[in-house]
Amino acid sequence: MDLATLTQKANEAVSEGGDFKKKVKFDFGDDGKLFIDGANGTADNSDGDADATVKVDWDDFKKLAAGEMDPTMAFMQGKLKVLGDMSVAMQLQGLMKKFS
């Protein structure tokens, strides 16, 4: 999966509606960003203000999205960092299942 594919899947997941109404940004470093605006049902690669920012390596993100890496362990090992509202990041698990 590449960033364009992920962005498309994320856009489809949030445009369908659902419980996720916050703004979250995934920062993949040099590999780019994914900005999800749950309130407006959009996802793109902008660098907007978010309720929470999740910093994670692109390869580790792919493992998380595929269920090959536990998010709690990734956080505790420092592979995943959350800036901002931690409760927003906790709500992402259901949404991420739609990304794989």
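Overview of results
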| read-out | value |
| --- | --- |
| Formal net charge of residues neighbouring Phe35 (Cβ-Cβ distance under 13 Å; K, R +1; D, E -1) | -2 |
| Order of Leu3, Leu83 under a 10 Å beta carbon neighbour criterion, fewest first | Leu83, Leu3 |
| Relative exposure of Thr42, Thr72, judged by other C-beta atoms within 10 Å (fewest first) | Thr72, Thr42 |
| Tilt relative to the chain, helix 3-15 - C-alpha long axis, 0 to 90 degrees, to 10 | 50 degrees |
| Extension reserve of the Thr5-Thr42 stretch, reckoned as 0.36 nm per residue once the Cα distance is removed | 11.9 nm |
| Principal axis box of the chain, alpha-carbon based, largest edge first, Å | 33, 27, 24 |
| 18 Å Cα-Cα threshold exceeded, pairs from Lys22/Lys63; Lys21/Lys55; Lys9/Lys81; Lys9/Lys79; Lys63/Lys98 | Lys22/Lys63; Lys21/Lys55; Lys9/Lys81; Lys9/Lys79 |
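All of the numbers you see were taken from the coordinates with simple rules; none came from a lab. Because the structure is predicted, anything quoted here is derived from the model rather than measured. Quick reminder, even Gly has a Cβ in these numbers, built from the backbone with ideal geometry, and neighbours come from all protein chains shown.
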